[in-house]
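**Q** Can you read through this structure? Questions will come right after.
The values are calculated or read from the model by the stated rules, or taken from the named source; none is laboratory data. Computed from a predicted structure; not experimentally measured. FYI the Cβ positions are ideal-geometry reconstructions off the backbone, even for glycines, and counts take in every protein chain you see. Ligands, DNA and RNA are stripped out before the accessible areas are found, and what is left, the full protein with its side chains, is counted by its heavy atoms. Shrake-Rupley method; radii C 1.70, N 1.55, O 1.52, S 1.80 Å.
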Amino acid sequence: PVAITAPPGETNRLFIASQSTGISVIANLANPTPTLFLDIRERVLFGGESGLLGLAFHPGFATNRYFYVYYSAVVPPGDGILSDNRLSRFTASLTNSDEALPDSEQVLFSQPFSAGNHYGGDLHFGPDGYLYVSLGDGVYRTNSQRIDGDFFSGILRIDVDKRAGNLEPNPFPTIPRDLQGMAYYSVPSDNPFIGAMNFNGESVDMAAVRTEFWAVGLRNPWRMSFDSLTGDFYCGDVGSGTAEEINRLVRGGNYGWPFLEGTNVLETPPSDFQSIMPIRSIPWGNGDDQARSVIGGVVYRGSQIPELYGSYVFANFTGGQIWKMNPNATNDGPLELLTAGVQLSAFGIDPRNGEILTAAYQESVIKRLVRGAGTNETSLPATLSATGAFSDLATLTPEAGIVPYEINVPFWSDYALKRRWFSIPDTNQMMTFSTAGNWSFPTGTVWIKHFEMELTNGVAASRRRLETRFLVKNASGAHGFTYRWNAAQTDADLVASGGVDEAITVYQPDGSLLRNQTWHYPSRSECFQCHTAPGGYALGFNTGQLNRTHDYGTGLTNQIATLSRVGYFDGPTPAPDTLAHLAPADDTSVSLEYRARSYFQANCVQCHQPGGAAQGQWDARIATPMAAAGILNGPLVNNYGNEANRVIRPGSLAQSVLFQRILQFGAGHMPPLATTELNQEAIGLLGQWITNILSSVSVAYDGNGQIHLTYAGEPGRAYRIEASNELVQWQTRATVVATALGVVDFSDEIGSENSSQFYRIAWP
């Protein structure tokens, strides 16, 4: 086995590419019995490093049935050619999705190889929907550092859907073409070497450049992967005798081979040569911290081994070691050995739960990475009562020093009702206030959130306690855990690190069924998905959320002012009425836009901001001006096959991808949490806002001093109509209140059909 993967969106099938025997499918992971999916053995040259090497399913496999295979194809003897390394598209059977059609092959390119090693051959579709292909140098160093030669020594990025605006590949004998002379793929228009006229200081023929290249300078990038959370792109590059590499692949990156290996200089590079250093250079050898054939791995995003969350897990084929490393810390500290003694050829992800699967090459077995018997989690109290957080569990009365708080816009939690507390462990420790950014907290700060559900809708007496969660600030970030309340509602038990689900039935007051839902008690590692460093760890503990009143037992008082007065901050805070506050969906005293952006701040900011983990490019922070946030008509990393789609397209719910991902369940649901109930309030708010966003403005002058302005605005909202002669100095000419799409007439003494006058709508 050399590749393990599953079709997008599927959770119960797994496909294994075998170097010698084709592709197998496990049709039911609960009963993992493999059957042959694709048999093309008569076409495949197997031996050494050649064979069937890569497999990737099209993002639209569920409807188009396409998948892609990279293999060493048998060729007639002669001319010194050992094989053609071939990228081909196949199609699964329409009547049996567990069988492929061998005769459906469409070759995309076929690269002659004269040696038996360094093929590369891994395939992955990126978050952008394009296909990435890894290529080795075919043993010959001269095949590297070329963008105008053959397909060697780098990463290709191609468009198998031939989207509008993308380009035909430059003429090349290894690329088959249809009757119209067109290739069976396109080159994305933003590939880095399109139009290149020089490379490494030397001139190249622009018409001969292999514009398919995304990155170059790799010796044998055997396995690569995308982080499912961040979209970051990693690969392992096999060295020649001094070092092995783990690289973060970026657009146009040159990774040095053959001038560099790891951080070692092997040959004097050209004067204009620029290389990207590996994020991990591993000395060549046989020790526990050395390697001779590195296998690119995966970033762990599962839940069963929370101490691995966010780590890049990879292996050494020859020595059998499996290591983990921080993918954001370049060559930082010693490698952490997880285990050894198993010869791995690839990693994969269990589509059911995100756990790591491994391909044990010599054993021809797929194995799972699990916590060893001698590994213990950090000791945590077994029950909620043992935490000492509450002096009375029956009333949820907290111990002294644990302070209640409320927020303006709660995170959506499947209809649950919530209460919140926090504690700083030492009166000499303080928080640092920020008006618009994240607050800073001392190590040991604790936040507690308690969840209850009305089992009879609207009846307070039917409330059942579900769980009580803890988030603890530590020196390196934060960690979380939760307690599940027992049936007697007297105490709560620590939930295992992997989390657990529970079925809940909710009734109407008349006893009829309202809904069946699944309540998810989160795993330890799931806490990291939202409680991120860019989000400030404690997501609801900031100015916009806490700028509101709370009754501490002596009447309503502003929370920020009270915390400041009693010494929780390391300096004075501004007056609350000068600070922003988030607005809930039903607060009609503020605009729809402000309420929508308050929702984004509360539910999306932990990932969607500069430095966040999200693959999207928009900024959820409410303090970011709308013009700079990339929300309205914002570009998409993945447009889902529709060039008209945007983050939010004013006036179009169908073409607003942000709205669609909140509207429906599935792999792309946002926020990406284990929710089983749609947030209907948010859907209503965002739908109303998108429908009523100011989407167009046109101005006509009637020659008699009257301006006719046609625009689509938010009903009930005031807008300034501004005029300018230079598009720089704008002056207000009128204020109008939108009622509906239509025409507003107003007079402007300087307006003239012959003047250089410009008009715009501005928000107050």
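**Q** Between helix 592-603 and the chain, what is the angle of the helix's C-alpha long axis to the longest principal axis, kept within 0 to 90° and rounded to the nearest 10?
**A** 60 degrees
**Q** Give the angle, between 0 and 90 degrees and rounded to the nearest 10, that separates the Cα long axis of helix 680-692 from the longest principal axis of the Cα atoms of the chain.
**A** 90 degrees
**Q** Additional query: Please compute the per residue accessible area over region 178-327 with all protein chains in place, 1.4 Å probe, rounded to a whole number of Å².
**A** 36 Å²
**Q** Can you list residues whose amide H is under 5 Å from Leu338's amide H, if they're 5+ apart or on another chain and H is modeled 1.01 Å from N?
**A** The list, which skips near neighbours in sequence, is Ile322, Trp323, Lys324.
**Q** Can you list, bin by bin at 10 Å, the percent of alpha carbon pairs in the chain, starting at 0?
**A** 2, 12, 19, 22, 19, 14, 8, 3, 0, 0
**Q** Give me the accessible area per residue for region 61-122, probe 1.4 Å, as a whole number in Å².
**A** Averaged over the residues of region 61-122, the accessible area is 41 Å².
**Q** Are there GluC sites (Glu not before Pro) in region 335-437 that DSSP puts in a loop and that have at most 15 other Cβ atoms within 10 Å, and which ones?
**A** Here the sparse-neighbourhood loop sites are Glu363, Glu377, Glu399.
**Q** If you don't mind, another one. Report the Cα-based extents of region 427-487 along its three principal axes, largest first, to the nearest Å.
**A** Taking max minus min along each principal axis of the Cα atoms, region 427-487 gives 43, 26, 21 Å.
**Q** Find the accessible area per residue for region 453-589; the probe is 1.4 Å, ligands and nucleic acids are left out, and the unit is Å².
**A** 45 Å²
**Q** When every alpha-carbon pair in region 568-625 is counted, what percent end up more than 12 Å apart?
**A** Every Cα pair in region 568-625 considered, those over 12 Å come to 70 percent.
**Q** Rg/Rh for region 11-70 to two decimals, with Rh computed the Kirkwood way over all alpha-carbon pairs.
**A** Rounded to two decimals, Rg over Rh is 1.00.
**Q** While we're looking at this one, here's another question. With a cut-off of 8 Å between alpha carbons and a minimum separation of six or more residues, what is the relative contact order of the chain in percent?
**A** Rounded, it is 6 percent for the chain.
**Q** Tell me whether region 214-301 comes out rounded, prolate or oblate; compute the Cα gyration tensor, take square roots of the eigenvalues as a ≥ b ≥ c, and use a/c under 1.5 as the rounded threshold.
**A** Oblate.
**Q** Also: To make sure I understand the rule: partners must be lysines, Cα under 24 Å from the Cα of Lys473, and not fewer than 8 residues away in the same chain. Which ones qualify?
**A** Cα-Cα hits under 24 Å: Lys324, Lys418, Lys449.
**Q** In nm², what is the average projected area of the convex hull enclosing the Cα atoms of region 5-109?
**A** Projected over every direction and averaged, the Cα hull of region 5-109 covers 7.0 nm².
**Q** Something else now. Mind checking the full-extension length gain between Val566 and Ser203? Use 0.36 nm per residue of separation minus the Cα-Cα distance, one decimal, nm.
**A** Extra length available between Val566 and Ser203 comes to 123.8 nm.
**Q** Using amide H atoms built in the peptide plane, which far-off residues or other-chain residues are under 5 Å from Val44 H to H?
**A** Answer set, sorted by chain and number: Val74.
**Q** Compute the relative contact order of region 192-282 as a whole-number percentage, counting only Cα pairs closer than 8 Å that sit 6 or more residues apart in sequence.
**A** Rounded, it is 26 percent for region 192-282.
**Q** Oh, and also: Compute the relative contact order of region 1-135 as a whole-number percentage, counting only Cα pairs closer than 8 Å that sit 6 or more residues apart in sequence.
**A** The value is 19 percent.
**Q** A follow-up question, please. May I ask you to evaluate 6.51 cos²θ - 1.76 cosθ + 1.60, the Karplus curve with θ = phi - 60°, for each residue of region 418-424 and list the ³J(HN,Hα) values in order in whole Hz, giving x for glycine and proline?
**A** Each residue of region 418-424 in turn: 10, 10, 9, 9, 9, 8, 10 Hz.
**Q** Of all accessible surface on the chain at a 1.4 Å probe, what whole percent is carbon and sulfur?
**A** In the chain, the share of accessible area belonging to carbon and sulfur is 50 percent.
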